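Read through the structure below, which is laid out as structure tokens, and then see the notes.
The values are calculated or read from the model by the stated rules, or taken from the named source; none is laboratory data. Since the model is a prediction, treat every value here as computed from it, not as a measurement. Glycine gets a Cβ as well: all are built from the backbone with ideal geometry, and neighbour counts include every protein chain shown.
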Amino acid sequence: MLETKKFSPPKQRAFDARFEAQKIAFGPVVFHCVHYAWKRGMLEALGNAGDGGITLDELEATGRWSRYALKLVLESCLSAGVVMIEGGRWQLDKTGFCLISDDITRVNFDFIHDVCYQGLFELERSLDAGKPLGLAHLGDWPSIYPALADLPEPAKSSWFAFDHHYSDTSFPDILPDVFATAPRRVMDIGANTGKFSRAALAYDARVELNLVDLSPQLAVADANLTADGLRDRAHLHPRDLLDPGLALPGGMDLVWMSQFLSCFGEDQIASIFQRVVASLADGGQVLVMDTFWDRQRYDIAAFCLINTSPYFTAMASGNSKIYESADYIRLAEAAGLRLLTVRDGIGYCHSLLRFARA
């Protein structure tokens with residue numbers, strides 16, 4: 001049985017708990033004020049002012065903001081620990097420095113603001129219906145996946161920045177794991193723009209990649225593979241994995257799924273695992289890399305992952321989420337697989353599960 005680390009928020013005194021409750025109640029207000037201060041350059045101006053800070057008069061004199069906007073927004077930022085004021089001079093606090101300099105904070109903030117924020121207002125209806133009803137704020141699609149290439153800006157850029165920022169930090173670290181069994185036929189399910197497939201093809205000149213995804217995603221992957229001169233060892237298989245009757249290509253030495261199964265509900269994951277088992281050659285293995293909230297070293301990572309799940313509900317599919325690792329293992333075992341190894345601490349927050357036929 002795997003040992004898992006559960007997310008355990010600290011116990012609070014009654015007064016602290018009441019303050020934390022108000023932070024939740026006013027969270028959307030603070031979010032928008034901080035977003036304005038950041039994206040409209042207030043935080044950058046404070047950062048450029050250095051340790052001496054800057055006055056409201058000096059900020060107003062730039063002509064970039066009204067005094068009303070400065071006072072309203074900076075006071076909200078002050079309440080959130082983003083800025084501080086000493087002797088009438090405003091400065092960035094540590095959280096403010098994090099906002100303007102930390103890549104993962106920027107990626108998360110943009111993803112929530114540009115992709116999720118309006119749609120999350122439909123979370124209650126989406127939970128009741130089991131459909132991503134918040135997606136209507138971006139366009140008319142049944143789920144976000146066939147729409148990725150056509151999302152309006154800035155949602156499109158922010159979605160891909162979010163997805164790639166997490167996966168890109170992991171790919172260089174896992175290629176030795178992928179090729180540990182010297183596979184020759186590898187299937188990349190949920191290939192998206194082909195980032196993993198391109199990395200694998202460049203890593204081993206003998207391997208062939210079979211990319212499985214929706215047609216719009218494979219069209220982008222096709223162009224990327226061609227541009228990299230890798231198209232001759234890549235085979236594209238358009239599939240809607242929501243159709244349980246669509247089989248996967250067979251004879252695979254290795255099946256790779258990265259940040260893919262979290263796009264589906266448990267019944268759909270079970271069906272995918274069953275088809276993956278049928279696609280394996282003798283001795284073939286399955287590698288699943290994903291972000292499991294129960295396998296994080298730090299609570300901050302678990303917090304971010306847990307609170308990404310409502311995006312899947314309101315915007316993506318209506319029935320998927322960030323899972324615990326035990327959920328995948330249970331569903332894989334029911335499909336006829338057995339867990340061989342687990343490796344944590346990959347990239348920012350990924351774990352790698354290796355399976356073989358039971």
remark   = Of the residues in region 55-86, those that are over 37 Å from the mean Cα position of the chain (by Cα) and touching a residue at least 12 places away in the same chain (Cβ under 8 Å) number 4
query = Restricting attention to region 306-358, and to residues there that are in a loop (DSSP other than H, G, I, E, B) and either of a type in the set (A, V, I, L, M, F, W, C) or touching a Pro at 6+ places or on another chain (Cβ under 8 Å) (or both), which single residue is nearest to LEU242 (Cα to Cα)?
reply = SER317
remark   = By residue number, the members of region 285-305 that are in a loop (DSSP other than H, G, I, E, B) and touching a helix residue (DSSP H, G or I) at 6+ places or on another chain (Cβ under 8 Å) are THR291, PHE292, GLN296
inquiry  = When you scan region 157-174, do you find a residue that is touching a residue at least 40 places away in the same chain (Cβ under 8 Å), closer than 20 Å to ALA219 by Cα and hydrophobic (A, V, I, L, M, F, W, C), even just one?
reply    = yes
remark   = Within region 194-239, the count of residues that are assigned to a loop (DSSP other than H, G, I, E, B) and surrounded by fewer than 23 Cβ atoms within 10 Å (Cβ to Cβ) comes to 9
Every residue from region 138-178 that is β-branched (Val, Ile, Thr) and either in contact with a strand residue (DSSP E or B) (Cβ under 8 Å, 6 or more places away or on another chain) or surrounded by fewer than 20 Cβ atoms within 10 Å (Cβ to Cβ) (or both) = THR169, ILE174, VAL178
ask   = Any residue in region 294-309 that is within 27 Å of PHE109 (Cβ to Cβ), buried (at least 24 other Cβ atoms within 10 Å of the Cβ), over 12 Å from the mean Cα position of the chain (by Cα) and of a type in the set (A, V, I, L, M, F, W, C)?
value = no
task = Could you figure out which of (1) surrounded by 13 or more Cβ atoms within 10 Å (Cβ to Cβ); (2) of a type in the set (Asp, Glu); (3) modelled with pLDDT under 95 isn't true of ASP51?
result = (1)
inquiry  = The conditions are (1) polar (S, T, N, Q); (2) in a loop (DSSP other than H, G, I, E, B); (3) modelled with pLDDT of 90 or more, and GLN22 fails exactly one of them. Which is it?
reply    = (2)
remark   = Filtering region 95-114 down to residues that are charged (D, E, K, R) and either in a strand (DSSP E or B) or at pLDDT 95 or above (or both) yields ASP110, ASP114
note = Picked from region 250-280 (must be among the hydrophobic types (A, V, I, L, M, F, W, C), in a helix (DSSP H, G or I) and in contact with a strand residue (DSSP E or B) (Cβ under 9 Å, 6 or more places away or on another chain)), the residue farthest from LYS195 (Cα to Cα) is VAL277
message = Can you say whether LEU92 is out of contact with any strand residue (DSSP E or B) (no Cβ under 8 Å at 6 or more places or on another chain) and of a type in the set (A, V, I, L, M, F, W, C), as far as the supplied structure shows?
response = no
request  = Would you check if there is a residue in region 131-140 being farther than 28 Å from VAL29 by Cβ, free of Cβ contacts under 8 Å to residues at least 12 places away in the same chain and not assigned by TED's automatic domain parsing to the domain that holds LYS39?
outcome  = yes
request  = Kindly indicate whether ASN192 is in the same structural domain as PHE273 (by TED's automatic domain parsing) and on the phi < 0 side of the Ramachandran plot.
outcome  = no
message = Taking the criterion of being assigned by TED's automatic domain parsing to the domain that holds TRP256, within 25 Å of PHE264 (Cβ to Cβ), in a loop (DSSP other than H, G, I, E, B) and in contact with an Asp or Glu (Cβ under 6 Å, 6 or more places away or on another chain), would at least one residue in region 170-182 satisfy it?
response = no
